[in-house]
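The values are calculated or read from the model by the stated rules, or taken from the named source; none is laboratory data. It should be emphasised that the depicted structure is a prediction, and the values quoted were computed from it without experimental measurement. We place every Cβ from the backbone using ideal geometry, glycine too, and count neighbours over all the protein chains shown. Accessible surface is based on the protein model in full, side chains and every heavy atom, while ligands, DNA and RNA are left aside. Shrake-Rupley method; radii C 1.70, N 1.55, O 1.52, S 1.80 Å.
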Amino acid sequence: MADTPQPEADENWWRDAVIYQVYPRSFADSNGDGTGDLAGVRSRLPYLADLGVNALWFSPWYPSPMADGGYDVADYRDVEPVFGSLAEAEKLISEALALGIRTIIDIVPNHVSAAHPWFREALAGGPGSAARERFWFRPGRGAHGELPPNNWPSQFGGPAWTRTTDPDGTPGDWFLNLFDSGQPDLNWNHPDVLAEHEDILRFWFDRGAGGVRIDSAAMVCKDPDLPDLPDPGAGAEAALPAHPYVDRDDLHDIYRSWRRIADSYPGVRILVGEVWLPDAERFARYLRPDEMHTAFNFDFLACPWEPDRLRTSIDVTLAAHAPVSAPATWVLCNHDVTRTVTRYGRADTGFDFATKAFGIPTDLELGTRRARAAALLTLALPGSVYLYQGEELGLPEVEDIPTGKLQDPMYLRSAGTNPGRDGCRVPLPWSGATPPFGFGPDGSAESWLPQPAQWAARTAEVQSADPGSMLSLYRAAIRLRKDTPELGHGTAFTWLDSAPGVLAFRRSPGFVCVVNLSPDPAPLPAHRTLLLASAPLASDGLLPQDTAAWLLA
């Protein structure tokens, strides 16, 4: 089909963009079935335009059994019927573009759904069939093949292998699934896998997509020998020369081929990687000029609300990106992690999947104050910002969802010890005093995850009328970010001298951001104008604790 025109005004748009993540299942429900859909997103495009975002990143909207919230894709060239249709997606992309908003879609190259035609063909073909070569099928270990082929763990708990059943009913080979058993891993050594994903990119770029976000981008390639991971207590002599499935060197050829495809389209179509790596130098390799444009900054996302840790994270991030001339990205929350308001209200304000648990005490008033300050901090840093839906409303994590309604495999595979990620995926409250708070039309079915009654005070409708709300703060900050030249691409970043516990920096020539994480009110540096503050200043003009301010010096 004909290519959909892209906004051409600024080929560097992605370097300082504000990108809003839409989790389609929970954004807006147009037909009242309790599940969000693309028509619902289309109806809320004016809200997103008023917020001021430059692009929308959509979590997967493809046909899926929803074993992992849509990250188990059965068909990349269609849309899950619950969400709408391919025609609806094309309308959404086009209507968003008309408002100056680009669309970034999710690609999940590590695996497909167990309902994908390829995997069904592989199961039907049986051991040794050509169709199984697109995946990682192996016989088990043990006298009767009853043990998994190696000791790799699933990201969701338990072994990373699932055993098949042969047509005669006897146990068969095992297949690799680094995530859920409904998500068999693809074999990227197979030419069909390479060709298929290149065609998928073209399919969506042809329909106007402005970019793709690459899920689990560092886990796609595997050591074909599938060696055991060393025992955690083993010495250095047991270490493998390279990790068997994380950050393997052959990944880079894949992303170079994807970049060539993206660059062949008019405008700038971007590649955004989900790359969880502790090594900053190896992280930056994915951002070389012929690979991805940007990658998520998980170090900053997981960083505690502590001044020294935040400053170090910012410094390390900027230093890692500088050699490859790539913009940094800043994100506080997404569809996988505890919402910012909740996390910042806890004794441990960092994030780690291993520490997720039920019943952690939270001070939401404190968390909200810190989240407001963090919003101004992130929007003042050089690079692009990702904003997860509902963060602009200051929504907390929902931690009292009845266990019978929890659907996340992280919870289901943990024997009920890990609360999983459903708490950050509860449908948005738009208006009204009772659930579903305008998420769906009057008379709608109950939303797929229940909304707390207290969200009546956090709806977009209520906050739009309150100049002191979180929504009003985000709207004002994003507008100022666009209107303030110092906050654009290419301006210098310099730390300023400040009191202990205070972060202060300049974006040349005259913009200053100050964030007070100390226990005492802090003086502001000399300035001409106070542009915006996350909370009122003290009567003596000092900046209160857990408050940020934007100044023109």
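Some notes on this structure:
- Candidates Leu310, Leu332: the one that is modelled with pLDDT of 95 or more, surrounded by 21 or more Cβ atoms within 10 Å (Cβ to Cβ) and closer than 18 Å to Leu379 by Cα is Leu332.
- Entry remark, region 197-241: residues being open to solvent by less than 40 Å² (accessible area, probe 1.4 Å) and within 17 Å of Val73 (Cβ to Cβ) number 15 in total.
- If you go through region 327-350 and keep only what is touching a Phe, Trp or Tyr at 6+ places or on another chain (Cβ under 9 Å) and within 27 Å of Trp495 (Cα to Cα), you end up with Pro327, Ala328, Thr329, Trp330, Val331, Leu332, Cys333, Thr340, Arg343, Tyr344, Thr349, Gly350.
- Extreme residue, least open to solvent (accessible area, probe 1.4 Å), among residues of region 55-67 that are touching an Asp or Glu at 6+ places or on another chain (Cβ under 8 Å) and of a type in the set (Gly, Ala, Ser): Ser59
- Number of the exception - Thr340 against (1) surrounded by fewer than 23 Cβ atoms within 10 Å (Cβ to Cβ); (2) over 22 Å from Val108 (Cβ atoms); (3) among the polar types (S, T, N, Q): (1)
- Annotation note: Cβ proximity below 9 Å between a residue of region 379-400 that is part of a helix (DSSP H, G or I) and a residue that is of a type in the set (Lys, Arg) (sequence gap 6+ or interchain) occurs for Leu379/Arg481; Ala380/Arg481; Ala380/Arg507; Glu391/Arg339; Glu392/Arg475; Leu393/Arg458.
- Among the residues of region 494-510, those that are part of a strand (DSSP E or B) and either in contact with a helix residue (DSSP H, G or I) (Cβ under 7 Å, 6 or more places away or on another chain) or closer than 19 Å to Ser534 by Cβ (or both) comprise Val502, Leu503, Ala504, Phe505, Arg506, Arg507.
- Qualifying residue in region 495-515 (condition: on the phi < 0 side of the Ramachandran plot, β-branched (Val, Ile, Thr), open to solvent by less than 10 Å² (accessible area, probe 1.4 Å) and in contact with a Lys or Arg (Cβ under 8 Å, 6 or more places away or on another chain)): yes
- The set of residues in region 43-54 being open to solvent by less than 20 Å² (accessible area, probe 1.4 Å) and either modelled with pLDDT under 95 or not in a loop (DSSP other than H, G, I, E, B) (or both) consists of Leu45, Leu48, Leu51.
- Matching residues, region 448-484, being in contact with a Ser or Thr (Cβ under 8 Å, 6 or more places away or on another chain), in contact (Cβ under 8 Å) with a residue 12 or more places away in the chain and assigned to a loop (DSSP other than H, G, I, E, B): Trp448, Leu449, Thr459
- Among the residues making up region 516-536, those that are of a type outside the set (Ser, Thr, Tyr), surrounded by 16 or more Cβ atoms within 10 Å (Cβ to Cβ) and under 26 Å from Tyr386 (Cα atoms) are Asn516, Leu517, Leu531, Leu532, Ala533, Ala535.
Yes/no per residue for (1) modelled with pLDDT of 95 or more; (2) under 30 Å from Leu412 (Cβ atoms); (3) touching a helix residue (DSSP H, G or I) at 6+ places or on another chain (Cβ under 9 Å); (4) among the aliphatic types (A, V, I, L, M):
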position: Leu194; (1), (2), (3), (4): yes, no, yes, yes
position: Ile214; (1), (2), (3), (4): yes, yes, yes, yes
position: Lys222; (1), (2), (3), (4): yes, yes, no, no
position: Asp228; (1), (2), (3), (4): yes, yes, no, no
position: Ala236; (1), (2), (3), (4): no, no, no, yes
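- Residues within region 102-140 that are part of a strand (DSSP E or B) and open to solvent by less than 10 Å² (accessible area, probe 1.4 Å), tallied: 7
- Boolean, Asp249 is out of contact with any His (no Cβ under 9 Å at 6 or more places or on another chain), open to solvent by 20 Å² or more (accessible area, probe 1.4 Å) and part of a loop (DSSP other than H, G, I, E, B): yes
- Residue list for region 1-42, restricted to those being part of a loop (DSSP other than H, G, I, E, B), within 30 Å of Thr491 (Cα to Cα), open to solvent by 10 Å² or more (accessible area, probe 1.4 Å) and modelled with pLDDT of 95 or more: Asp16
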